[in-house]
1. Do any strands (runs of 3 or more DSSP E) entirely within region 12-130 hold 1 or more residues that are in contact with a helix residue (DSSP H, G or I) (Cβ under 6 Å, 6 or more places away or on another chain), and if so, which?
2. Given (1) outside the structural domain of residue 45 (by TED's automatic domain parsing); (2) surrounded by 16 or more Cβ atoms within 10 Å (Cβ to Cβ); (3) at pLDDT 70 or above; (4) over 22 Å from residue 179 (Cα atoms), where does residue 197 come up short, assuming only one miss?
3. Kindly evaluate residue 253 against the criterion of being in a strand (DSSP E or B) and over 27 Å from residue 25 (Cβ atoms).
4. Output the qualifying pairs, or none if there are none: Cβ atoms under 6 angstrom, residues six or more apart or on different chains, first residue in region 82-99 and in the same structural domain as residue 208 (by TED's automatic domain parsing), second residue part of a helix (DSSP H, G or I).
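The values are calculated or read from the model by the stated rules, or taken from the named source; none is laboratory data. Please read all numbers here as calculations on a predicted model, not as lab measurements. Don't worry about glycine lacking a Cβ; one is built from the backbone with ideal geometry, like all the others, and counts go over all protein chains shown.
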């Protein structure tokens, strides 16, 4: 018989974070706020002294029967689904605000990462050419198949980094968001034949919400330079740190095909505005604006209002 041996990892636990272009997003408890149609990654880190397996669930459902194997000390940024080469995409939409819909969307944006320890065995003999544990067939002699399950992915090519009610209808609307499939990803996987415990060792959970659900705090009201992030007073026309113009005297418009724009030290993501171009520009006079060229329609556009 084979008997499983347990590891002693002490206080070390693997971690998981939501990142955009490998930058961890600001969080409120276990909530993270993203704009509509933002592609993101799940940062995974293994601080233990042996390989572990991570399995991912999005919107309340496992994305695959397979998982990602992380070697000791390894940190990766998973940007795609395991069974399809498509990136993780957060997409928002509106629903009527009632109890029925609130139950329907309760798993929207939910990200759960389950980590599993690797199995260790002590060999006390074999039975009929197969090896058993707790009466469960683990693998056939020389077959290389584990429980008949799909291959477990390892982290080859993942980009390692050292970066440390009432059910009646209602006119009221709420914005919600789900994790969907984005653009094609070129992130690739290798193959692992390691065997891992079936019991979960650690669970990390995040909830991705639209920016409209974020509570405004006094920190959000602090005026800062769009170029370097320095705190500036209301009467400043130019930043004392970098010289960037703080108060604009005219509207500055740039057109781009990109979904993300870097301005100074800050990264911005395009946001959908349900408005005509004329009305949008009137409401944002004397500001720096980036408009996604191919998003313009009669009554909507995607844009960034930087200041």
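1. 31-34, 86-96
2. Exception for residue 197: condition (1).
3. Spelling it out, residue 253 is indeed in a strand (DSSP E or B) and over 27 Å from residue 25 (Cβ atoms).
4. So the pair list comes out as 95/101.
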